[in-house]
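Report on one structure; see the data block that follows.
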Amino acid sequence: MRKITLLFAFISMITLQSCTVNENNDTVDNDTISEVFELRNVNFGHDGGNNYSIYQTLNPQIYASDVILIYRMSDLINSSTPVWQQIPRTLYLDEGELDYDFDFSKQDFTIYAGGTYDLTLTPSYITNETFRIVIVPGYLSNKSSNTVDFSDYNAVIKAFNIDDSKVTVLK
């Protein structure tokens, strides 16, 4: 009797291990996909005083745990090699300090420009600006936060497997 019980237990273990879960590869798991978008040649709107901003809604909305990173194109080495700087960023100019900053929610984000001088004196910093917006799912940002240099756009793109040749341009 003991041998028969042992045989049934062995067969049960083999049977349970051979069970598979059918995964539907047609569905997209949006909470674990990193994306990058671009705002190209945008102008800051004047908010009064010496404050300027760019406002953009997110469609579709991101998850509450997701993180947004924003990079400003500060230069072009050549037509295919932009230089990206992470914001927030303070630029020290002859006219004074210029600050770029941003905030975001799951529905929208706003990029701010402000400074210690009249920003209209340096229009090249508030007109025809280009930004890259990287959405990092909360699941991934937790796992990689100690290993990725977030100030390096190319390191972020590589770490989160983003194909930045297919950047979606926001209108």
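The values are calculated or read from the model by the stated rules, or taken from the named source; none is laboratory data. Just so it is clear, the model here is predicted, and its values are computed rather than measured. Every residue, glycine among them, receives a Cβ derived from its backbone with ideal geometry; neighbour counts consider all protein chains shown.
So here's what we get for this one:
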read-out	value
Only one of I111, I54, I87, I70 that is of a type in the set (A, V, I, L, M), over 24 Å from A155 (Cβ atoms) and either modelled with pLDDT of 95 or more or touching a Ser or Thr at 6+ places or on another chain (Cβ under 9 Å) (or both)	I54
Residue match in segment 87-95 (condition: farther than 27 Å from H46 by Cα, in contact (Cβ under 8 Å) with a residue 12 or more places away in the chain and in a strand (DSSP E or B))	no
Residue among Q107, Q61 that alone is among the polar types (S, T, N, Q), surrounded by 12 or more Cβ atoms within 10 Å (Cβ to Cβ) and closer than 22 Å to R40 by Cα	Q61
Checklist (1) farther than 16 Å from L98 by Cα; (2) modelled with pLDDT of 90 or more; (3) in a loop (DSSP other than H, G, I, E, B) applied to F131, failing item	(3)
Counted residues, segment 64-81 - those being surrounded by 13 or more Cβ atoms within 10 Å (Cβ to Cβ) and among the charged types (D, E, K, R)	2
